[in-house]
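Bear in mind these aren't lab numbers, they're just calculated from the coordinates by the rules spelled out. Fair warning: this is a prediction, and the values are worked out from it, not measured in the lab. Because the Cβ atoms are built from the backbone with ideal geometry, glycine has one as well, and the counts that use them run over all protein chains shown.
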Amino acid sequence: MIRISRGEIARHILSRGAKTVLIQAPEGLKPQLSRLVPDLEEETGSVIILHGDSCFGSCDLGLADGLRMGIDLVVHIGHNPYFGDCRNERLVFIDAYEERELAPTLMKQIMELAENRTLGLVASIQYLKILEDVRSIISSNGGRAVVGRASSNVMKPGQVMGCEITTAKTVRNEVDAFLAIGGGDFHALGVALWTGRPTYIADPYKESLVDLTPLARRKLAVIAARLDDATRAERFGVIVGLKEGQMKKGMADVMASKLEERGKKVLRLALRELSPERLRYFDGIECFVQTLCSRISIDDVELYDVPVLSYDQFSIIVGEKTFEEVYPWD
Ligand code: SF4
């Protein structure tokens, strides 16, 4: 279970004297928080609102919502202060870590994987404690495991996000394969696609070790077909995201100008959420490019009737990058 420290939240509330608090967290932590918030209110004497909307990352900060409600303190749980206005004095980030250990059967499979290979270890922030355990077990058994180096003062060693895998890239040339620790294949798929290295996921809940290579190859084939369609498009929708960390207006402007320079018709759009249903209103658009989240253009690529490209993918269709530069697969 991913544990939230009630004591840490209470300390932040009390040290700031916050009388009203907005707590924001990913969906998986909300059941725990709905039990914890009444106790926190009692302990701190503050009025606490739990943000009920989805929250997939710190690109989706609830700070503006909190400020609009006149809240004294916004507590964001489970993500790094990576995007947007993260240094605001009314905002605090709190980590939440998975505390379980990997099952012995899964650890045995990892040890077999590590035989005669150097493994690069990565994880999303919640699983970094398990990552450290795995590294030390592999090393003490004579194996070689390298933890991705911290790429900035925000990202921790080995930490990857759905859209940010620089820590993995720092050790790409030193490893034979990556091992991503976490539930689900979301983070591991990004590592597989953007490093081109064989990538395995060790899932502490399913107690399974899965090779992501077949999924990565399938995704690459669909993405390549979508990029091919995009090169023939004449009418583009250029979408700027409206969430705080996704509002890359300059990036959207650059994409729109480059398309117009190439004689393409451009419709500029702004959206908070992207879905096939939302895009159906915009008639005649043959390709969308978007600043919301690069993973929409990977994970959801099959859901859309027309290509919906990230900035990296856009760079490929305008000839500024090759497919292999973005997705370095043989
Ligand atoms: S931009 Fe996408 S992948 Fe990156 S943190 Fe936000 S939701 Fe996650």
Note down the magnitude of the dipole of segment 2-95 about its Cα centre, charges +1 on Lys and Arg C-beta and -1 on Asp and Glu C-beta and zero elsewhere, to the nearest 20 debye. 120 debye
For segment 104-211, just say rounded, prolate or oblate: build the C-alpha gyration tensor, square-root its eigenvalues into a ≥ b ≥ c, call rounded for a/c under 1.5, and beyond that prolate if a/b exceeds b/c, oblate if not. rounded
Give me the Kirkwood hydrodynamic radius of segment 52-122, using the inverse of the mean 1/r over all pairs of distinct Cα atoms, in Å to one decimal. 15.3 Å
Highest mean first, how do 174-187, 300-313 rank when packing is the count of other Cβ atoms within 10 Å averaged over residues? 174-187, 300-313
Alpha-carbon centroids, segment 1-33 and segment 276-330: separation in whole Å: 36 Å
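Once you have a ≥ b ≥ c as the square roots of the Cα gyration tensor eigenvalues for segment 216-326, tell me rounded if a/c is under 1.5, and otherwise prolate or oblate according to whether a/b is larger than b/c.
Working: a/c = 1.28, a/b = 1.13, b/c = 1.14.
Rounded, because the longest to shortest axis ratio a/c is under 1.5.
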Under a crude label model (7 Å from the Cα following the beta-carbon direction), how far is S54 from Y97 in nanometres? 3.0 nm
At what distance in angstrom do the alpha carbon centres of segment 224-263 and segment 129-185 lie from each other? 32 Å
Could you grab the relative contact order for segment 1-119? Cα pairs under 8 Å, six or more apart, rounded to a whole percent. 31 percent
Percent relative contact order of segment 104-211, based on C-alpha pairs within less than 8 angstrom and at least six residues apart? 28 percent
Given the options L193, L63, L274, which has the most mean-square fluctuation in a GNM of the chain, springs set between C-alpha atoms less than 10 angstrom apart? L274
Length-normalised contact order of the chain in % [C-alpha pairs under 8 Å, at least 6 apart]: 12 percent
Charges at C-beta only: +1 for Lys and Arg, -1 for Asp and Glu. How large is the resulting dipole of the chain about its Cα centre, in Debye rounded to 20? 480 debye
Could you rank the peptides 148-156, 236-244 by their average count of other C-beta atoms within 10 Å per residue, with the highest value first? 236-244, 148-156
Rounded to the nearest 500, what is the chain's calculated 222 nm mean residue ellipticity when only DSSP H runs of at least 4 contribute -39500 (n - 2.57) each, over all residues? -10500 deg cm²/dmol
Unit charges at the beta carbon, dipole of segment 104-211: most positive-side option, H187, C163, L113: C163
Highest first, please rank the peptides 123-135, 38-50 by the mean number of other Cβ atoms sitting within 10 Å of their residues. 123-135, 38-50
Taking a label point 7 Å from the Cα of S152 along the Cα→Cβ vector, which residues of segment 80-109 have an amide N closer than 14 Å to it? 80-87
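What per residue convex hull volume, in Å³, comes out for segment 2-95 when only alpha-carbon positions are used?
It is 84 Å³ per residue.
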Taking the Cα centre of segment 11-72 as the origin and placing charges on Cβ (Lys, Arg +1; Asp, Glu -1), which of V47, P31, A18 is farthest toward the positive end of the dipole? A18
Quotient of C-alpha Rg and 2.2 N^0.38 Å, computed over segment 156-229: 1.11
Ratio of Rg to Rh for segment 198-253, alpha carbon only, Kirkwood? 1.18
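For the chain, what is the Kirkwood estimate of the hydrodynamic radius, computed as the reciprocal of the mean inverse distance between distinct Cα atoms, to one decimal in Å?
So the Kirkwood estimate lands at 21.4 Å.
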